[in-house]
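The values are calculated or read from the model by the stated rules, or taken from the named source; none is laboratory data. Owing to the predicted nature of the structure, the values given are computational and were not obtained by experimental measurement. Here the Cβ positions follow ideal geometry from the backbone for every residue, glycine too, while neighbour counts run over all protein chains shown.
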Amino acid sequence: MSAAQIGTTIAESTPWWPRPPASPDGAPNILVVLFDDVGFSDFGCYGSPIETPTIDALAARGLRYTGFHTTAMCSTTRAALLTGRNHHSVGVGCLANFDSGFPGYRGKITPEAGTLAELLKPSGYRNYMVGKWHVTALTETGPTGPFDGWPLGRGFDRFYGFMDAETDQYAPELVRDNTPIEAPGGYASGYHLTEDLTDQAIRFIADHQADSPETPWLTWLAFGACHAPHQAPQDLILKYDAVFKDGWDAERDRRLARQKTMGVVPQDTRLPERNAMVQPWDHHSTDEHRLFARLQGAFAAMLDHADRNLARLIAFLDSAGQSDNTLVLVLSDNGASQEGGPFGMVNAMGPYNGKPEPMAEKIARIDDIGGPDTHSNFPWGWAMASNTPLKRYKQNTHGGGIRDPLVVSWPRGIAARGEMRHQFRHASDMTPTILDILGITPPETIKGVAQMPMEGVSFAATFGDSDPPRGAPQYFEMFGHRGLWKDGWKAVAYHSPGSPYERDEWELYHLEEDFSETEDLALIHPDRLAALIAEWWAQAEAHQVLPLDDRFVQRMAENAARYHGERKDFVFHAGMGHLPTDVAPDVRSRSFVIEAHVALSEGDEGVLIAHGDATSGYSLHVRDGRLTYDMNVGGKHAVTTSTTVVPAGHHRLGVAVRSLESRRLITLLLDGEPIGAGETDMGFHNFISWSGLDIGRDRGSPVGDYPSPFAFTGMLKKVTVTMDADQALDPDGVGEAEMARQ
C-alpha cells in the first residue's frame with residue numbers, strides 16, 4: 001500500500017517511493033558452473049590427464065569435495081540443486097521428458113518448491129540462467145508454453161540456452177528468455193555453443209555491472225559439455241590421441257594413482273572389477289584402439305574446450321574486480337554416461353532408428369568424430385575410466401552414477417586454499433548452504449503458494465576449517481535402482497528392468513573404509529543392511545518415490561501418445577519454425593501425408609518442411625525444379641525425386657509415406673496426384689533427432705545435402721501434416737532411444 005499523502009495540491013501532498021529489496025551485508029555474487037555427464041575423476045584436480053587448468057586453479061584457491069553426491073541423472077540433479085529438496089519431492093523423480101501421472105514424476109518442478117533464484121530475489125539478487133535447463137516438461141517447451149516452468153517463470157531474470165537434455169553444439173536449439181532464436185553462427189563460421197554460452201554469461205554480468213553494480217547476482221552457467229554429442233575443435237580432439245592410446249585399463253590405474261597422491265581418495269582405495277560387458281583393452285584390435293581413443297578424445301576435448309572458455313569468464317570477473325567476492329561452485333550433474341554402448345557411436349541417430357553402425361563404418365568415419373554431421377559418444381570402457389575409482393555409470397545408484405566432483409572458491413569467504421572436504425554431501429544441500437551463508441530464511445509462501453520445507457542440509461560449516469558429518473540419511477532411486485546412505489554406510493541395489501523388485505540383491509558398503517564400494521558386507525552385517533533397507537522404504541514413502549516404476553521405455557512412448565492424443569491434423573503457416581521435437585508431429589513408424597500450399601514461379605526452390613538435422617531427419621523440398629523427399633537415417637539418405645518438373649502456379653506439393661512393417665512406401669504428390677515414388681527399408685522407428693521442425697527453411701544443421709537454410713523462394717501459404725489412423729510405434733524401441741539421448 002502506498003504511504004504517500006495526497007492532498008488537493010502538491011503543496012499539501014507528500015510523495016513516497018517503495019524501498020528496493022535489501023541485500024544481506026557483504027552478499028557475494030554466486031556463479032554456478034554445472035557440467036553434464038562428467039565423471040568423478042575427469043577434472044585434472046581429481047586425477048585426470050584432461051587439461052582443466054581453470055578448474056584446477058579454482059580448486060587451488062578454494063576447496064575440493066570428495067563426498068559430493070548427485071542423483072544419477074540430469075533433470076533430477078538440477079531439480080535438487082535448484083530447490084534444496086529431493087528430486088522426487090519436487091516432482092522430478094525421473095526426466096523432464098515424461099509425466100507418469102504420479103506426484104513424484106511430473107517432469108516439472110512443483111510451485112511448492114521455490115528455486116534458488118526465487119529464494120534470492122526478495123533479497124535483491126538479479127538472477128541469470130545460461131545453458132541447459134531440462135526441468136520443464138518437454139511437451140511444455142513449444143510456442144504456447146505454458147511458460148511457468150521455464151527459467152523466467154521460476155525466478156530468473158534472463159535466460160539464454162536450451163530446454164532439452166542435449167543439443168548440437170554447432171547448430172543448437174536456442175531460446176532467449178521465452179523465445180526460440182537462431183544460433184548466431186554455425187560450424188562454417190567457427191561457432192560453438194560453449195563459446196556462445198560463455199559470451200552470454202559475460203554479457204549478462206557486464207550489463208549487470210554497468211546498470212546495478214551494488215546489487216549481487218546469481219549466474220547459473222550450465223554447459224552442454226560433456227553430454228553427447230561430443231563435439232569440439234578438431235585440433236583439441238587430435239591432441240588427445242596420444243594421451244589415451246594405452247586404453248581404459250591403463251588409464252584407470254593412472255587416475256587412481258594420481259588420486260592417491262593428491263589425497264582425493266584414501267591410500268587403500270581399490271579399483272573395482274571392470275563393469276559388466278567391458279572388455280580388457282588388449283582384447284580389441286589396433287583399429288578399434290584408434291577409434292576408441294578418438295571417441296574418448298572428443299569427450300576430453302569438449303571438457304578442455306569448456307575449461308578454456310571458463311577461463312575467459314573468470315578472467316572477466318578478475319578484470320571487473322568481481323572475483324574476490326564471487327562464490328564459484330563447479331560441479332557435474334551425474335557420473336559419466338553409459339549411453340555410448342560397448343563400442344561407442346559416431347552417429348547415434350542411426351542405431352536409435354534401426355540402422356546398424358558396424359565397426360568398419362565407425363572406423364572409416366574416424367576423422368569425422370566431433371564434427372557437425374556426427375553424434376558421437378564414447379564406449380563403456382571410457383565411461384568407466386571417467387568414474388574412477390567407482391563402479392557403474394550415470395543412471396545407476398552405485399558410486400559411478402552419483403558421486404561427482406565439486407569445486408568451491410570464494411576468496412573473501414573461504415580462507416582455505418587447496419584443501420579438501422571428505423564428508424558426504426548431496427545436491428539438495430547446495431541451496432540450503434547458499435541461504436545459510438547469506439542468512440536468508442526461506443519464505444513461507446512464493447507467489448501465494450505455501451512452500452514445502454527444505455530437505456537438504458547446509459554444509460556452510462565446511463567453508464571454515466571443519467568438515468562435520470551430515471546427520472540426515474539420504475536415499476537414491478533411479479529407474480528402480482536404489483540406494484541409501486546413512487552414517488557412513490551405504491545400501492545399494494542394482495535393478496534389471498522388468499524383474500521383480502523383491503529379487504534385487506542389496507549390497508552393503510562401509511564407505512568410510514571402502515571408498516570405491518569393493519567389499520560387500522551384506523552377509524557379514526545382515527541386521528545393519530535390513531535396517532538400511534527399511535530406512536530406504538521409509539524415505540521413499542516420505543519423498544514421493546513410490547510407486548516404483550521401471551517401465552521407463554514404455555513411459556517415454558506413452559508420454560508422446562498422450563500429448564498428441566487423438567490429434568491427426570496439423571497446420572503450419574509460413575514463418576513458423578523452431579518447433580521442438582517433443583511437440584512436433586510424431587511420424588515415428590507412422591503413415592502420414594504432408595502437403596505444402598504454394599505459389600511457384602519458374603526457378604523457385606527451397607525447403608517446404610524439414611524436421612531434424614544432418615544426423616537424422618526428413619525434408620520435403622524443391623530443387624532444380626523437382627519435388628524431393630529426403631529421409632535421412634543416421635546419415636544414410638533415401639531420396640525420392642519427382643519424375644517431372646513442378647510447373648509454375650498455385651499448387652499443393654506433397655508426400656505420402658506409408659509405413660509398413662519392414663519398409664516405407666513414398667509417393668510424391670502434385671495437387672493430390674502421384675509424380676514420383678520410392679521405397680526404403682529405413683525409417684524413424686524410435687527417434688528423429690534433437691533438432692526441431694522448420695517451415696519454409698532448414699536452419700542450422702541441414703537434413704539434406706543443400707546449404708542451410710535453403711529457404712523457399714516461392715510463396716508458401718501453409719503446410720499440413722495429416723497422420724493416418726495407424727500407430728505402429730514400438731514402445732520399447734521409442735523408450736530406449738529416448739533414454740539413450742539423456
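Couple of notes before you dig in:
- Qualifying residue in the range 365-375 (condition: touching an Asp or Glu at 6+ places or on another chain (Cβ under 6 Å) and of a type in the set (A, V, I, L, M)): no
- In the range 84-111, the residues that are farther than 27 Å from Leu435 by Cα reach residues that are among the aliphatic types (A, V, I, L, M) and surrounded by 21 or more Cβ atoms within 10 Å (Cβ to Cβ) with C-beta atoms within less than 7 angstrom, at least six apart or across chains, in these pairs: Asn97/Leu138; Asn97/Met556; Phe98/Met556; Asp99/Ala137.
- Residue check, Thr66 at pLDDT below 95, on the phi < 0 side of the Ramachandran plot, out of contact with any helix residue (DSSP H, G or I) (no Cβ under 7 Å at 6 or more places or on another chain) and in the same structural domain as Pro405 (by TED's automatic domain parsing): no
- Filter result for the condition that a residue is crowded, with 17+ Cβ neighbours inside 10 Å, assigned to a helix (DSSP H, G or I) and either modelled with pLDDT of 95 or more or not assigned by TED's automatic domain parsing to the domain that holds Asp241 (or both), over Arg258, Arg290: Arg258
- Test for Thr179: is it of a type in the set (S, T, N, Q), more than 20 Å from Asp333 (Cβ to Cβ) and without any contact (Cβ under 8 Å) to a residue 40 or more places away in the chain: yes
- Selection count, the range 182-209, where residues are of a type in the set (Lys, Arg) and either surrounded by 20 or more Cβ atoms within 10 Å (Cβ to Cβ) or in contact (Cβ under 8 Å) with a residue 24 or more places away in the chain (or both): 0
Quick grid of which residues meet (1) out of contact with any Leu (no Cβ under 7 Å at 6 or more places or on another chain); (2) surrounded by 23 or more Cβ atoms within 10 Å (Cβ to Cβ); (3) not charged (D, E, K, R):
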residue: Met359; (1), (2), (3): yes, no, yes
residue: Asp368; (1), (2), (3): yes, no, no
residue: Phe378; (1), (2), (3): no, yes, yes
residue: Ala385; (1), (2), (3): yes, yes, yes
residue: Gly401; (1), (2), (3): yes, yes, yes
residue: Val408; (1), (2), (3): no, yes, yes
residue: Thr441; (1), (2), (3): yes, no, yes
residue: Glu444; (1), (2), (3): yes, no, no
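- Filter result (in contact with a Leu (Cβ under 9 Å, 6 or more places away or on another chain) and either part of a loop (DSSP other than H, G, I, E, B) or not assigned by TED's automatic domain parsing to the domain that holds Gly131 (or both)) within the range 211-243: Pro216, Phe223, Gly224, Ala225, Cys226, His230, Gln231, Ala232
- The set of residues in the range 5-23 that are touching a Phe, Trp or Tyr at 6+ places or on another chain (Cβ under 9 Å) and either aliphatic (A, V, I, L, M) or under 18 Å from Arg126 (Cα atoms) (or both) comprises Pro21, Ser23.
- Of the strands (runs of 3 or more DSSP E) contained entirely in the range 650-702, those carrying at least 2 residues that are within 34 Å of the chain's Cα centre (by Cα) and within 14 Å of Ile609 (Cα to Cα) fall at 693-695.
- All told, Ser689 falls short of being free of Cβ contacts under 8 Å to residues at least 40 places away in the same chain and either crowded, with 19+ Cβ neighbours inside 10 Å or assigned by TED's automatic domain parsing to the domain that holds Glu361 (or both).
- In the range 247-291, the qualifying residues are those that are more than 30 Å from the chain's Cα centre (by Cα) and of a type in the set (D, E, K, R), and the one that is nearest to Arg421 (Cα to Cα) is Lys260.
- Taken over the range 145-179, the criterion of being assigned to a loop (DSSP other than H, G, I, E, B) and closer than 27 Å to Ala301 by Cα is satisfied by Met163, Asp164, Ala165, Glu166, Thr167, Asp168, Gln169, Tyr170, Ala171, Pro172, Glu173.
- Flag if Leu660 is farther than 26 Å from Arg365 by Cβ, crowded, with 24+ Cβ neighbours inside 10 Å and either aliphatic (A, V, I, L, M) or touching a Phe, Trp or Tyr at 6+ places or on another chain (Cβ under 9 Å) (or both): no
- Residue in the range 367-375 that is β-branched (Val, Ile, Thr), more than 29 Å from Val264 (Cβ to Cβ), in contact with a helix residue (DSSP H, G or I) (Cβ under 9 Å, 6 or more places away or on another chain) and touching a residue at least 40 places away in the same chain (Cβ under 8 Å) present: yes
- Matching residues in the range 447-472 - criterion: being within 15 Å of Arg85 (Cβ to Cβ), part of a loop (DSSP other than H, G, I, E, B) and of a type outside the set (Val, Ile, Thr): Gln451, Met452, Pro453, Met454, Glu455, Gly456, Ser458, Ala472
- Selection within the range 102-117 - surrounded by fewer than 23 Cβ atoms within 10 Å (Cβ to Cβ) and farther than 21 Å from Asp550 by Cα: Thr110, Pro111, Glu112, Ala117
- Given (1) within 27 Å of Ala57 (Cα to Cα); (2) touching a Lys or Arg at 6+ places or on another chain (Cβ under 7 Å), index of the condition Asn275 fails: (1)
- Just one of the listed residues (Arg270, Arg274) is surrounded by fewer than 16 Cβ atoms within 10 Å (Cβ to Cβ), touching a residue at least 40 places away in the same chain (Cβ under 8 Å) and in a loop (DSSP other than H, G, I, E, B), and it is Arg270.
Conditions tested, residue by residue: (1) crowded, with 22+ Cβ neighbours inside 10 Å; (2) aromatic (Phe, Trp, Tyr).
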residue: Phe40; (1), (2): yes, yes
residue: Tyr46; (1), (2): yes, yes
residue: Pro49; (1), (2): no, no
residue: Thr52; (1), (2): yes, no
residue: Ile55; (1), (2): yes, no
residue: Thr70; (1), (2): yes, no
residue: Thr77; (1), (2): yes, no
